[in-house]
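Let me begin by presenting the structure, written as structure tokens, before commenting on it.
The values are calculated or read from the model by the stated rules, or taken from the named source; none is laboratory data. For clarity, every value in this text was computed on a predicted model and none was experimentally measured. Glycine gets a Cβ as well: all are built from the backbone with ideal geometry, and neighbour counts include every protein chain shown.
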Amino acid sequence: MAEVCKINDVEFEYEYTFKNSDGDENKYASSAVKGLTLVDSIFNPFLRGTIAVANPYDLFEEKYLLRGDGRDEVKIFLKPKDEEEKIEEEFILLQEDNSGDVEVRSENIKKFKIIHKDMLPFMDTIPYNKSFSGKIGDILKDIFIELLGEDKIDKENWESGDFDFSYIPPMSFRYIDLVYHLLKYFYGKDGELYTKALIMKNKKIGKYQMMYLTKIFSENKKNTTDAFTTADLSDKSVAENENNPPPDAKVSKFSSGLKNFAYNTPLYEWNNDFFINSVVHGYDKFLGVQKMKILKLEDIEKKWKTKFVDVFKAIGGSPKPFVVRNKTTKQKFRHYRTPYEVEDTVKMVEAEMCNLLTFYNLNCIFSNVGFTGREAGKFLDIVKIGEVKQKGDTKMYGRWFVTEVRHIFSSDTYTNEFKCCKTYVGSSSKIKNDVE
């Protein structure tokens, strides 16, 4: 049965249980857990993190033997007493570090690097000469079913993609290496645009899904979980700034006003490296000639805008895409060559250009009061309170896509740290897409 403690002056039910295959168990009280960080990222389907526990006189292994064979586990359960959202996961102890007081053994700390239990089979090496063929999404689905079982996969929300792929991995490849390799080449068509996909765990149903990035953005309204406010220069409680998003999310006791917020603008260096045209090179084995295909940034941007900008709203009007070019953009090209057909590579590159326009765009990082219901792959709103206007409002305020959220516990405090990206600016922005 879970114990109860106070974190951020809110009652939490909790459980920290270490166990191994021998039946040994160590249950830790909240006060003995000196630190816990869980990292949830859209670029890694599996949770990971660290946990540090008190280890006076090396008592951790008094009745518990660390095996070190991947069968040492820790179960973590955390839930605000009056809320439904919870963290309830099992992790594998991957690595340990020990710190001891120079004078007394009673202050020793043991810190573990942990990965989600579901990731363990993906760390195994792929059997020699095993081959994979079919749509990349289907290959990935079969791998997840093979390693985790059908009950862990949401087949109805798993995209196959459009690329037929055949591959025999190198001898040293693990399953997790193959997953990332396949995701690199994945593409699928949504409307007129080729897009990438993300593999994420739906924590409500406990199953993994593979969804087009375009679909995730199209469903931003129902997946906006939080609204955070700023009122730095205001003495009025009006939220009528034209850059604010519609009120689709509510402010709760876990989403206090922003105390810190840092956002980055993709400046000249990023624009020159990522917001440029692409050239695909390849060999046509039937005609016996070299082929070249140019993908212009302005053409891709028009299609990208319909899926990644037009799906958002602001109370002052339709948002504008934030893609700043300069007079040398048309002269700059990023070159691509793969072992696959030129036509396939063109589609891969179009999907990759959409990723660059999305994730190398406006970025922010901030922290706030922690809540167990927050996860990567969702959206949050940053809302301005008051009548004072600043030029930066068009970039800072609006709806942000959460690429990573960290759950950070330290003693009796709990903080979430967010990393987000945003593809647009407000309708009143004076920024020109072409800068001389």
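Points worth noting:
- Only residues that are more than 29 Å from the chain's Cα centre (by Cα) and in a loop (DSSP other than H, G, I, E, B) were counted in the range 36-67, giving 7.
- Unmet criterion (only one of (1) out of contact with any helix residue (DSSP H, G or I) (no Cβ under 7 Å at 6 or more places or on another chain); (2) within 17 Å of PHE18 (Cα to Cα); (3) outside any strand (DSSP E or B)) for ILE76: (3)
- Listed by first and then second residue, the pairs with beta-carbon distance under 9 Å, at least 6 apart or on different chains, first residue in the range 126-137 and in contact (Cβ under 8 Å) with a residue 60 or more places away in the chain, second of a type in the set (A, V, I, L, M, F, W, C), are GLY137/TRP158; GLY137/PHE163; GLY137/LEU182; GLY137/PHE186; GLY137/ALA197; GLY137/MET210.
- Annotation note: of ALA262, ALA227, the sole residue that is over 18 Å from VAL349 (Cα atoms) and in contact with a Pro (Cβ under 8 Å, 6 or more places away or on another chain) is ALA227.
- Test: residue in the range 411-422 that is of a type in the set (Lys, Arg), under 18 Å from THR265 (Cα atoms), modelled with pLDDT of 95 or more and touching a strand residue (DSSP E or B) at 6+ places or on another chain (Cβ under 8 Å): yes
- Output for the range 333-362, where each listed residue is touching a residue at least 12 places away in the same chain (Cβ under 8 Å) and of a type in the set (Asp, Glu): GLU341, ASP344, GLU350, GLU352
- Of the strands (runs of 3 or more DSSP E) contained entirely in the range 256-332, those carrying at least 1 residues that are without any contact (Cβ under 8 Å) to a residue 60 or more places away in the chain and in contact with a Gly (Cβ under 7 Å, 6 or more places away or on another chain) fall at 289-295.
- Considering the range 334-364, the residues that are of a type outside the set (A, V, I, L, M) and assigned to a strand (DSSP E or B) include one that is nearest to VAL309 (Cα to Cα), namely ASN363.
- Strands (runs of 3 or more DSSP E) wholly inside the range 85-179 that include at least 2 residues being closer than 30 Å to LYS189 by Cα: 132-135, 153-158, 164-167
- Set LEU94, LEU59, LEU47, LEU66: member being modelled with pLDDT of 95 or more and either surrounded by fewer than 17 Cβ atoms within 10 Å (Cβ to Cβ) or not assigned by TED's automatic domain parsing to the domain that holds PHE359 (or both): LEU47
- The residue pairs whose first member lies in the range 206-217 and is in contact (Cβ under 8 Å) with a residue 24 or more places away in the chain, whose second member is small (Gly, Ala, Ser), and whose beta carbons are closer than 7 Å, counting only pairs six or more residues apart or on different chains, are MET210/GLY137; MET210/ALA197; MET211/ALA197; TYR212/GLY188; TYR212/ALA197; LEU213/ALA197; ILE216/GLY377.
- Residue tally, condition in contact (Cβ under 8 Å) with a residue 40 or more places away in the chain and loosely packed, with under 14 Cβ neighbours inside 10 Å, over the range 12-30: 2
- Matching entry among LYS196, LYS207 (being over 30 Å from PRO321 (Cα atoms), basic (Lys, Arg), crowded, with 16+ Cβ neighbours inside 10 Å and at pLDDT 95 or above): LYS207
- Considering only residues in the range 151-181 that are under 24 Å from the mean Cα position of the chain (by Cα) and acidic (Asp, Glu), the one that is surrounded by the most Cβ atoms within 10 Å (Cβ to Cβ) turns out to be GLU159.
- Count of the range 6-35 residues which are of a type in the set (Val, Ile, Thr) and farther than 11 Å from SER411 by Cα: 2
- Selection from the range 121-137 of residues that are surrounded by 18 or more Cβ atoms within 10 Å (Cβ to Cβ) and either of a type in the set (Ser, Thr, Tyr) or within 23 Å of the chain's Cα centre (by Cα) (or both): PHE122, ILE136, GLY137
- Test: residue in the range 90-107 that is among the aromatic types (Phe, Trp, Tyr), over 28 Å from THR37 (Cβ atoms) and within 24 Å of the chain's Cα centre (by Cα): no
- Count of the range 371-428 residues which are in a loop (DSSP other than H, G, I, E, B) and over 16 Å from ASN223 (Cβ atoms): 15
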